[in-house]
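Undergrad: Structure provided below as structure tokens; questions to follow.
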Amino acid sequence: MTSAAVPSVTGTVTFRPQRARKVAIGAAAAIVIVFTAVSFGLTGSTGEGEAVFQRGDQTAMIGLGIAFAAGILLFLRPRVDADAKGIRIRNVIGSYDLPWEVVRAIRFERGVSFAGAELHDDELVTIIALQVVDKEYALAGVRALRELFAAHQAAAATAESA
């Protein structure tokens, strides 16, 4: 490997999904608004029975809206950080802290929605922070991760030959 091929990415890089964040925030706000509006419609009799909607029913409906919105906001969690030491992947559920030594490749293939870190034990860890719907942003993220990975491989090869 020549010095001209040495990657230009240094320091720590961080990527988060762009479009999914906007959609999640909008959907969460819409759900809270809809459940709140429905709660104000819960008044009077429940139909033919003697039960009557009360203030607690309205509060519970708003609480359900907030709970559903909180579940949707979990989609704000995905993130990937990488530096010279390794890659830290945080998905909707679960996190991985991987040194570059266990990574075989950073993959982002056609027809796949998310990037992935292929490990030496043939496991593929999905990187939800880099999504195909984010187009150029996701490509820039994959390129940056690949550059950091290549820099680590070059440093390891130099250390082995010394």
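The values are calculated or read from the model by the stated rules, or taken from the named source; none is laboratory data. On a predicted model such as this, the values are computed, not experimentally measured, just so you know. Because the Cβ atoms are built from the backbone with ideal geometry, glycine has one as well, and the counts that use them run over all protein chains shown. SASA here: full protein model, heavy atoms, side chains in, ligands and nucleic acids out. Shrake-Rupley method; radii C 1.70, N 1.55, O 1.52, S 1.80 Å.
Undergrad: Suppose we filter region 73-85 for residues that are small (Gly, Ala, Ser) and part of a loop (DSSP other than H, G, I, E, B); how many remain? Lay out the reasoning, then the answer.
TA: Of region 73-85, the ones small (Gly, Ala, Ser) are 82, 84.
Retained after the next criterion (residues that are part of a loop (DSSP other than H, G, I, E, B)): 84.
Qualifying residue count, region 73-85: 1.
Undergrad: Just to be sure I understand the filter: pairs with C-beta atoms under 9 Å, separated by 6 or more residues or on different chains, first member in region 147-162 and farther than 12 Å from residue 106 by Cβ, second member at pLDDT 90 or above and surrounded by fewer than 13 Cβ atoms within 10 Å (Cβ to Cβ). Which pairs pass?
TA: 156/101
Undergrad: Any residue at all in region 112-128 that is aromatic (Phe, Trp, Tyr) and under 15 Å from residue 15 (Cα atoms)? Steps first, answer last, please.
TA: Narrowing region 112-128 to residues aromatic (Phe, Trp, Tyr): 114.
Filter once more, keeping what is under 15 Å from residue 15 (Cα atoms): 114.
Yes.
Residue-by-condition table, conditions (1) surrounded by 13 or more Cβ atoms within 10 Å (Cβ to Cβ); (2) closer than 26 Å to residue 73 by Cα; (3) modelled with pLDDT of 90 or more; (4) not aliphatic (A, V, I, L, M):
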{"residue": "17", "(1), (2), (3), (4)": "yes, yes, yes, yes"}
{"residue": "21", "(1), (2), (3), (4)": "yes, yes, yes, yes"}
{"residue": "27", "(1), (2), (3), (4)": "yes, yes, yes, no"}
{"residue": "32", "(1), (2), (3), (4)": "yes, yes, yes, no"}
{"residue": "35", "(1), (2), (3), (4)": "yes, yes, yes, yes"}
{"residue": "42", "(1), (2), (3), (4)": "yes, no, no, no"}
{"residue": "48", "(1), (2), (3), (4)": "no, no, no, yes"}
{"residue": "51", "(1), (2), (3), (4)": "no, no, no, no"}
{"residue": "56", "(1), (2), (3), (4)": "no, yes, no, yes"}
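Undergrad: Does any residue of region 111-118 turn out to be open to solvent by 30 Å² or more (accessible area, probe 1.4 Å), in contact (Cβ under 8 Å) with a residue 12 or more places away in the chain and not in a strand (DSSP E or B)?
TA: First, the residues of region 111-118 that are open to solvent by 30 Å² or more (accessible area, probe 1.4 Å): 111-114, 118.
Subsequent filtering for residues that are in contact (Cβ under 8 Å) with a residue 12 or more places away in the chain retains 112-114, 118.
Then drop every residue that is not not in a strand (DSSP E or B), which leaves 112-113.
Within region 111-118, one or more residues are open to solvent by 30 Å² or more (accessible area, probe 1.4 Å), in contact (Cβ under 8 Å) with a residue 12 or more places away in the chain and not in a strand (DSSP E or B).
Undergrad: Out of all the residues in region 154-161, is one or more surrounded by 14 or more Cβ atoms within 10 Å (Cβ to Cβ) and under 30 Å from residue 24 (Cβ atoms)? Let's see the steps before the verdict.
TA: Let us first name the residues in region 154-161 that are surrounded by 14 or more Cβ atoms within 10 Å (Cβ to Cβ), namely 154.
From the residues that got through so far, the ones that are under 30 Å from residue 24 (Cβ atoms) too are none.
So far as region 154-161 goes, no, none of its residues is surrounded by 14 or more Cβ atoms within 10 Å (Cβ to Cβ) and under 30 Å from residue 24 (Cβ atoms).
Here's the yes/no breakdown for (1) part of a strand (DSSP E or B); (2) open to solvent by 50 Å² or more (accessible area, probe 1.4 Å):
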| position | (1), (2) |
| --- | --- |
| 68 | no, yes |
| 71 | no, no |
| 87 | yes, no |
| 92 | no, no |
| 104 | yes, yes |
| 138 | no, no |
| 146 | no, yes |
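Undergrad: What do you reckon, is residue 125 farther than 12 Å from residue 82 by Cβ and open to solvent by 30 Å² or more (accessible area, probe 1.4 Å)? Spell out how you get there, then give the answer.
TA: Details: farther than 12 Å from residue 82 by Cβ: yes; open to solvent by 30 Å² or more (accessible area, probe 1.4 Å): no.
The answer is no for residue 125.
Undergrad: Could you tell me whether residue 75 is modelled with pLDDT under 95, surrounded by 14 or more Cβ atoms within 10 Å (Cβ to Cβ) and under 25 Å from residue 23 (Cα atoms)?
TA: On the way: modelled with pLDDT under 95: yes; surrounded by 14 or more Cβ atoms within 10 Å (Cβ to Cβ): yes; under 25 Å from residue 23 (Cα atoms): yes.
Considered against the rule, which asks whether it is modelled with pLDDT under 95, surrounded by 14 or more Cβ atoms within 10 Å (Cβ to Cβ) and under 25 Å from residue 23 (Cα atoms), residue 75 comes out as yes.
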